[in-house]
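A short write-up of the structure that comes next.
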Amino acid sequence: MASVDGHDITIKGRKFIEVTGVSSVESVDVTEFLLTTSGGPLHIQGSNLHMKHLDLEAGLVLIEGTLQGLAYVPEKGKKKLGVAKLFR
């Protein structure tokens, strides 16, 4: 796999999201995506979201739908939450 160094997010009218620097797609749903990027884990929320294009070799993901929010998820908090769920 090619090295993914840069990371950018382009949003066009809340209906189209282009993310570069993506190394993996962790979760996909019509209401949220969780991507691992070179900038850290990225959580995208919206409605009627669907992946229009995926090219992990180039580190590119294109998402269509209505964007409601996006945030970077702290990696340490994410890992602790997963372990906490494991022991419940």
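The values are calculated or read from the model by the stated rules, or taken from the named source; none is laboratory data. Because the structure is a prediction, the values reported are computed rather than measured. Because the Cβ atoms are built from the backbone with ideal geometry, glycine has one as well, and the counts that use them run over all protein chains shown.
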Checked against (1) at pLDDT below 95; (2) surrounded by 14 or more Cβ atoms within 10 Å (Cβ to Cβ), His43 satisfies every condition except (1)
Filter the range 1-33 for residues that are farther than 12 Å from Met51 by Cα and of a type in the set (A, V, I, L, M); the one that is modelled with the lowest pLDDT is Met1
- Item | Flag for Leu56 being at pLDDT 95 or above and hydrophobic (A, V, I, L, M, F, W, C) | no
Looking across the range 7-41 at residues that are of a type in the set (A, V, I, L, M) and touching a His at 6+ places or on another chain (Cβ under 9 Å), the single one that is farthest from Thr66 (Cα to Cα) is Val22
Considering the range 33-71, residues that are within 14 Å of Gly6 (Cβ to Cβ) and part of a loop (DSSP other than H, G, I, E, B), and then whichever is farthest from the chain's Cα centre (by Cα), we arrive at Ala58
Considering the range 14-32, residues that are part of a strand (DSSP E or B) and without any contact (Cβ under 8 Å) to a residue 24 or more places away in the chain, and then whichever is farthest from Glu57 (Cα to Cα), we arrive at Glu32
